[in-house]
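The values are calculated or read from the model by the stated rules, or taken from the named source; none is laboratory data. Computed from a predicted structure; not experimentally measured. Cβ placement follows ideal geometry from the backbone for every residue including glycine, while neighbour counts extend to all protein chains displayed. All accessible areas refer to the heavy atoms of the entire protein, side chains included, with ligands and DNA or RNA removed. Shrake-Rupley method; radii C 1.70, N 1.55, O 1.52, S 1.80 Å.
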Amino acid sequence: MESLLETRGIDLPMASTILRFRNSMTFQIIDQRAFRAIYGQRHPIYGATPVHREVSVYLDYLDELVKFCIDHEESFETIDRLLYQFDKQRNGNLEA
């Protein structure tokens, strides 16, 4: 994750997408919608966020996804897409 985030042009959502397609049993995509669906608040990562903070947010997010999947009997491998759709229907557009 750190190596991906240190690559020019790759932010946390893109890095998580790459990892998810590498191993969807372990990694899921983090984006503003899925994050907001889980935490009820805006994604805390911005362009100047230190890499170690981005990694920490992502690992905490994965832990929350696992808990959510267990509590709601959902598949971890598809939960990112379900949360994206849920947030889009529930909350509409993302704020700029």
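Sorted by accessible area (1.4 Å probe), largest first, how do Ile45, Ile70 line up?
Working: Ile45 25, Ile70 120 Å².
Listed by decreasing accessible area, they come as Ile70, Ile45.
Where (i) 14.9; (ii) 13.6; (iii) 17.3 are the candidate values, the label of the one calculated here for Kirkwood radius over Cα pairs in Å is (ii). Each of Ile18, Asn91, Leu4 was placed along the dipole of the chain (beta-carbon charges, centred on the mean Cα), and the one lying farthest toward the positive end is Asn91. Applied to the range 47-63, the Karplus parametrisation 6.51 cos²θ - 1.76 cosθ + 1.60 on θ = phi - 60° returns per-residue 3J(HN,Hα) values of x, 8, 5, x, 4, 4, 6, 4, 4, 4, 4, 5, 5, 4, 4, 4, 4 Hz, with x for Gly and Pro.
For the range 18-66, which whole-number percentage of the solvent-accessible area (1.4 Å probe, protein heavy atoms only) is attributable to carbon and sulfur atoms? Walk me through the numbers before you get to the answer.
Details: 1480 of 2710 Å².
Heavy-atom surface of the range 18-66 belonging to carbon and sulfur, 1.4 Å probe: 55 percent.
Treat every Asp and Glu Cβ in the chain as -1 and every Lys and Arg Cβ as +1, leave all other atoms uncharged, and give the resulting dipole magnitude about the Cα centre to the nearest 20 debye.
Details: 11 positive and 15 negative charges, 60 e Å.
Dipole magnitude for the chain comes out near 280 debye.
Surface analysis of the range 1-66 yields an accessible area of 58 Å² per residue, using protein heavy atoms and a 1.4 Å probe. Axis of helix 79-91 versus longest Cα principal axis of the chain: the two differ by about 70°, to the nearest ten degrees.
In the chain, helices alone account for a calculated mean residue ellipticity at 222 nm of -18500 deg cm²/dmol, with every DSSP H run of four or more residues adding -39,500 (n - 2.57). Residues Arg33, Arg53, ordered by accessible area of protein heavy atoms at a 1.4 angstrom probe radius and largest first, appear as Arg53, Arg33. Please list, by residue number, every one of the GluC sites (Glu not before Pro) in the chain that is coil in DSSP and has at most 11 other beta-carbon atoms within 10 Å. Hits after loop and neighbour filter: Glu6, Glu73, Glu95.
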